[in-house]
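Undergrad: Starting off with a structure, shown below.
The values are calculated or read from the model by the stated rules, or taken from the named source; none is laboratory data. Because the structure is predicted, anything quoted here is derived from the model rather than measured. Virtual Cβ from ideal backbone geometry, glycine too; neighbours counted across all protein chains shown. Side chains are part of the model used for accessible areas, which takes the heavy atoms of the whole protein and leaves out ligands, DNA and RNA. Shrake-Rupley method; radii C 1.70, N 1.55, O 1.52, S 1.80 Å.
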Amino acid sequence: MTNFNGTDPSMAVRRAQLITPYGIGALTDINNQSVMIMGSKYWKWNNNDKEQFHDIRLERVMGANYFIEPPTKDTGSVKVTRFPNWLFSPKTKKLKTFEEWKSALKFASPSFDKKPYEFFKSEKIYLVPVRFMCTCRNGHVQDFPWFEWAHLNKKDGEDQLRMKHELSLFSSSVSDSISSIIVKCTCGCENSLRGIFDTDGGFAKNLEKIQVKCHGKFIWDLEKDVEEDIKDCDQPLQTVLRNANNFYFPNIVSSVNIPFSENKNIEKIKSNPVFITLEKLLSQQSMPEEYLKTTNAANLISLLASDTFLTEEQVRDAIVEDQLEIKSDEDVTVEDYRYDEYQVLMGVKDFDKNSGRLNITECNFKNQSFHGLEEKIGKLTLVNQLEVVNVLKSYSRIEPTDSERMVELQQEENPSSYHRVSEVSLINNIDRSYVGIKNLGEGIFVSLDKKMVNLWKKRLLNSKIESKINRKIKNNIHEDELKYITPVFYLIHTLSHLLIRELNAYCGYSSSALKERIYFSEKKGKEMYGLLIYTSSSDSEGTLGGLVKQCLPERFFKILNSAIEKARWCSYDPVCIGTDSQGRDSLNSAACHACTLISETSCDKMNSFLDRTVLIGSPEELSLGYFN
């Protein structure tokens, strides 16, 4: 393993990149070498001083004690390990493992570990990692079986002692086809890489022939990879490219860290340095609630009470309640989690206004006229300041999970019929922490008028617009996403995209700087028809206020009107407006890059569930658009 420290410019990445795209279990390049980010339990902080932070709601839902921010170049380092382990010489075409290359040298300098090399006629040739590796749907990874693959077609009885063979990798022609790449052994055996990407069973049969199967290793967690603890993996291996998108799908949970009044005491307690000591002791106990009654705990509770101006009973009760909430097995979805945020932004639920984390201003516009648009909008709230927390929950390989659960199901060791792939939890089991990052920012919250939405839904009944959306239920999507196949969600999500595109032009933020957070539910009594567009920064001062200033009522409705008018015409019309199916899993209708799509990092749903016709109507049903 190697320390990934930003003091060396060639090894520096931004903090946010260690959430995505270079999260735990992902690959990145350092000095043209491929390395995998190790688990947070292997990271180092100066003086063991981790940068902890809290989001009480999110901790309770995810069963975490706290969250930690990745270290900076001044506060610590991140551990990485070399993967894949096979290296290739672009000069001699030889193919060996890292250890074999190192042992072949008479003297390997310390720099070899960071940038491996060989000598060819006194010339120093730097080695490069191979492009191919194997993974499975359970999240395991391993090196491509180069030696075994080269000898796939060997005759029975031929000697295969590993130490007597040397491999080379070369192209047999000028073609870019995978079949032109050949791995050859000095014993005379050779084999083309044709078929290594097959997923119809051909590659699996060849692996079975050479007795290669998934080793069940994760690479990024040494404890999970201990030989006696590894469970047999029955998932077939698939070959992927080192820089392929399907190698790593991070599952990131986001939260608006709202300071609810009922959490005021526990927030004061957890932000106190004394609690860090108590938390370590509690994590070692099988029954933390009983430990709080002991003399050792009583001394720390007394100190906490003194520092936070609470009584010892208040401190103890707050900690016990928090521990019970953290251990709760309640299955919370994104929809459930965002309901509390929605109530605050709607002005229904109160919060601690003195925390400095959230500052909102409700706009009064109902007594003004904006060409009838004011009737369609229920609430307009300026979010002058907010704190957004992003936590790396888990990852999957080969396919994304698309799960709406706030916590991964760790008991689900094998893919189910719906999930197809397994989530690999990234919780640090030593202290029950996740890696995350918090940002300060600003935003605008918009909700649609509930009465107008219900009237619009009645107008849509049995229409072509409703029918084309409802037909998408038959598409091959995750069960958790079925609730989004409804015209109302398409309306809210498409409106959010159109506003983001328009705001980019008005307030000067880049296309990826603005992000959306959709609030949607059609549960009776818990309806949500809202959206939050925000921008955030890891800077301690947050952002500059440009987004909020553009969204005062007189400016907002001008922007809204402009966004709707631009939605009426796309440069790809009439093809775009008449399309029923496009985008991921054909979940979009009249929506393309020219009119509706935004940066995928800004979108809640990977640019899916979009259709302009729900806002402006279709050529056949012009009057059925929400804003018509």
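Undergrad: How many of the residues making up segment 596-628 are open to solvent by 10 Å² or more (accessible area, probe 1.4 Å), among the acidic types (Asp, Glu) and closer than 20 Å to Gly583 by Cβ?
TA: Of the residues in segment 596-628, 2 are open to solvent by 10 Å² or more (accessible area, probe 1.4 Å), among the acidic types (Asp, Glu) and closer than 20 Å to Gly583 by Cβ.
Undergrad: Enumerate the pairs (first residue in segment 38-59 and more than 17 Å from Thr277 (Cβ to Cβ); second residue anywhere and open to solvent by 50 Å² or more (accessible area, probe 1.4 Å) and of a type in the set (Val, Ile, Thr)) with beta-carbon separation below 6 Å, excluding pairs fewer than 6 apart on the same chain, so at least 6 apart or on different chains.
TA: Pairs found: Lys41/Ile430.
Undergrad: Consider segment 410-430. How many of its residues are at pLDDT below 85, out of contact with any strand residue (DSSP E or B) (no Cβ under 7 Å at 6 or more places or on another chain) and farther than 29 Å from Leu531 by Cβ?
TA: Of the residues in that region, 8 qualify.
Undergrad: Go through segment 498-518 and give me each residue that's without any contact (Cβ under 8 Å) to a residue 40 or more places away in the chain and open to solvent by 60 Å² or more (accessible area, probe 1.4 Å).
TA: The answer is Ala505, Gly508, Ser510.
Undergrad: Moving on. Could you count how many residues in segment 108-134 are part of a strand (DSSP E or B) and without any contact (Cβ under 8 Å) to a residue 40 or more places away in the chain?
TA: The number of residues fulfilling the criteria is 7.
Undergrad: Search segment 340-354 for residues being at negative phi and not in a helix (DSSP H, G or I), and hand back the single one that is surrounded by the most Cβ atoms within 10 Å (Cβ to Cβ). Walk me through how you get there before you give the answer.
TA: Kept after step one, since they are at negative phi, are these residues of segment 340-354: 340-346, 348-354.
Imposing the further condition that a residue be not in a helix (DSSP H, G or I) reduces the set to 346, 348-354.
Numbers: Met346: 17, Val348: 10, Lys349: 15, Asp350: 11, Phe351: 19, Asp352: 16, Lys353: 12, Asn354: 8.
For segment 340-354, the residue satisfying everything is Phe351.
Undergrad: Please verify whether segment 583-595 includes one or more residues that are of a type in the set (Gly, Ala, Ser), under 27 Å from the mean Cα position of the chain (by Cα) and in a helix (DSSP H, G or I).
TA: yes
Undergrad: Moving on. Anything in segment 270-311 that is over 19 Å from Pro259 (Cβ atoms), β-branched (Val, Ile, Thr), open to solvent by less than 90 Å² (accessible area, probe 1.4 Å) and without any contact (Cβ under 8 Å) to a residue 60 or more places away in the chain? List them, or say none.
TA: Once the filter is applied, which keeps residues that are over 19 Å from Pro259 (Cβ atoms), β-branched (Val, Ile, Thr), open to solvent by less than 90 Å² (accessible area, probe 1.4 Å) and without any contact (Cβ under 8 Å) to a residue 60 or more places away in the chain, segment 270-311 yields Val274, Thr277, Thr294, Ile301, Thr311.
Undergrad: For segment 87-94, state whether one or more residues are in contact (Cβ under 8 Å) with a residue 60 or more places away in the chain and among the hydroxyl-bearing types (Ser, Thr, Tyr).
TA: Looking through segment 87-94, at least one residue is in contact (Cβ under 8 Å) with a residue 60 or more places away in the chain and among the hydroxyl-bearing types (Ser, Thr, Tyr).
Undergrad: Those residues that are out of contact with any strand residue (DSSP E or B) (no Cβ under 6 Å at 6 or more places or on another chain) and assigned to a loop (DSSP other than H, G, I, E, B), I need them from segment 21-50; list them, please.
TA: Passing the criteria: Pro21, Asn31, Asn32, Gly39, Asp49.
Undergrad: Something else now. Give segment 606-618 a look and list any residue that's outside any helix (DSSP H, G or I) and at pLDDT 90 or above, or say none. Outline the logic, then answer.
TA: Residues of segment 606-618 that are outside any helix (DSSP H, G or I), as a first pass: 606-612, 617-618.
Listed by number, the residues that qualify are Asn607, Ser608, Phe609, Leu610, Asp611, Arg612, Gly617, Ser618.
Undergrad: Can we say Gln368 is surrounded by fewer than 17 Cβ atoms within 10 Å (Cβ to Cβ), farther than 30 Å from Tyr248 by Cα and at pLDDT below 90?
TA: On the way: surrounded by fewer than 17 Cβ atoms within 10 Å (Cβ to Cβ): yes; farther than 30 Å from Tyr248 by Cα: yes; at pLDDT below 90: yes.
It is true that Gln368 is surrounded by fewer than 17 Cβ atoms within 10 Å (Cβ to Cβ), farther than 30 Å from Tyr248 by Cα and at pLDDT below 90.
Undergrad: Just the residues that are open to solvent by less than 10 Å² (accessible area, probe 1.4 Å), assigned to a strand (DSSP E or B) and under 30 Å from Gln235 (Cα atoms), please, taken from segment 425-455.
TA: Hits for segment 425-455 are Asn428, Ser433, Tyr434, Val435.
Undergrad: While we're looking at this one, here's another question. Would you check which residues across segment 66-118 are modelled with pLDDT of 90 or more, polar (S, T, N, Q), open to solvent by less than 50 Å² (accessible area, probe 1.4 Å) and over 21 Å from Ala26 (Cβ atoms) and list them?
TA: Ser89, Thr92, Thr97
Undergrad: Residue under question is Phe67, and the condition is that it be hydrophobic (A, V, I, L, M, F, W, C) and under 30 Å from Ile326 (Cα atoms); does it hold?
TA: yes
Undergrad: To continue, here is another question. Regarding Leu532, is this residue part of a strand (DSSP E or B) and either touching a residue at least 12 places away in the same chain (Cβ under 8 Å) or closer than 27 Å to Arg459 by Cα (or both)?
TA: Answer is yes for this residue.
Undergrad: What are the residues in segment 66-89 that are under 18 Å from Asp431 (Cα atoms) and out of contact with any helix residue (DSSP H, G or I) (no Cβ under 6 Å at 6 or more places or on another chain), if any?
TA: Correct list: Tyr66, Phe67, Ile68, Glu69, Pro71, Val78.
Undergrad: Confirm whether Gln314 is open to solvent by 50 Å² or more (accessible area, probe 1.4 Å), polar (S, T, N, Q), more than 30 Å from Tyr529 (Cα to Cα) and in contact (Cβ under 8 Å) with a residue 24 or more places away in the chain.
TA: The answer is yes for Gln314.
A quick yes/no check of all residues on (1) in a loop (DSSP other than H, G, I, E, B); (2) of a type outside the set (D, E, K, R); (3) under 28 Å from the mean Cα position of the chain (by Cα):
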{"residue": "Lys224", "(1), (2), (3)": "yes, no, yes"}
{"residue": "Pro236", "(1), (2), (3)": "yes, yes, yes"}
{"residue": "Ser255", "(1), (2), (3)": "no, yes, yes"}
{"residue": "Asn263", "(1), (2), (3)": "no, yes, yes"}
{"residue": "Leu278", "(1), (2), (3)": "no, yes, no"}
{"residue": "Leu281", "(1), (2), (3)": "no, yes, no"}
{"residue": "Ser302", "(1), (2), (3)": "no, yes, no"}
{"residue": "Ala305", "(1), (2), (3)": "no, yes, no"}
